[in-house]
Amino acid sequence: MNLFIKKILTKKELTDLSAVITEAEKKTSGEIRVVVKHHRPFKERKLKLHELALKEFCSLGMENTRDRTGVLIFLLLSERKFHIVADEGIHTKVLEGTWDRIAESMAHHFKSGKFFDGIVKAINAVAGELSKHFPRKSDDTDELPNKVVEN
């Protein structure tokens, strides 16, 4: 585990976040991933945060879910930034500004040093939104790993 990530989230908290994702996905057919990235590679220094998050989204295969209902919570620690990316299957259903409201709540927790709590709240808020529009189906499978990606 990266030393910088250790200062933000403990190893146990990273494991606990994976369990939170697993539990949250029981309410929806959507897929939630969390990526904690220490810093952007030199070759990606000119990319906007949204572009960097989209690149991560695609590298994780999140656009390959059955109903295109993947959501990525992407944290870039060295720049103290984060971004939420949702797949195209979600945009037709979820109201404009939903992800911004979730991000604002997460930022509020981060400002008070409650990184774990902020991410948990975000995961649960994303799952809540997804469950309204994409409830769990009887034939639903967990299409993507729930483990938090650190790099």
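The values are calculated or read from the model by the stated rules, or taken from the named source; none is laboratory data. On a predicted model such as this, the values are computed, not experimentally measured, just so you know. Positions of Cβ are backbone-derived with ideal geometry, glycine not excepted, and every protein chain shown enters the neighbour counts. Remember, those area values only see protein heavy atoms, side chains included, never the ligands or the DNA or RNA. Shrake-Rupley method; radii C 1.70, N 1.55, O 1.52, S 1.80 Å.
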Subject >> Extreme residue, nearest to HIS50 (Cα to Cα), among residues of region 89-103 that are modelled with pLDDT of 90 or more and loosely packed, with under 11 Cβ neighbours inside 10 Å >> reply: ASP100
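Is there a residue being assigned to a helix (DSSP H, G or I) and free of Cβ contacts under 8 Å to residues at least 60 places away in the same chain anywhere in region 137-148?
No: zero hits.
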**OP:** Could you please tell me which pairs satisfy a Cβ distance under 9 Å, a separation of 6+ or placement on different chains, a first residue in region 7-24 that is basic (Lys, Arg), and a second residue that is open to solvent by 60 Å² or more (accessible area, probe 1.4 Å)?
**Re:** LYS11/MET1
**OP:** State whether one or more residues within region 41-54 are in contact with a helix residue (DSSP H, G or I) (Cβ under 6 Å, 6 or more places away or on another chain), surrounded by fewer than 17 Cβ atoms within 10 Å (Cβ to Cβ) and in contact (Cβ under 8 Å) with a residue 24 or more places away in the chain.
**Re:** no
Subject >> Residue satisfying all of: in region 60-80; charged (D, E, K, R) and surrounded by 15 or more Cβ atoms within 10 Å (Cβ to Cβ); farthest from the chain's Cα centre (by Cα) among these >> reply: ASP67
Original post:
Does LYS132 meet the test of being part of a helix (DSSP H, G or I) and farther than 29 Å from THR10 by Cβ?
Top reply: yes
**OP:** Scan region 47-78 residue by residue and report those that are closer than 15 Å to PHE115 by Cα and either part of a helix (DSSP H, G or I) or basic (Lys, Arg) (or both).
**Re:** LEU77, SER78
**OP:** With the checklist (1) assigned to a helix (DSSP H, G or I); (2) over 20 Å from GLU23 (Cβ atoms) in hand, flag the one item PHE116 doesn't pass.
**Re:** (2)
Original post:
Hey, does region 45-57 have a residue that's of a type in the set (A, V, I, L, M, F, W, C) and under 19 Å from ARG101 (Cα atoms)?
Top reply: yes
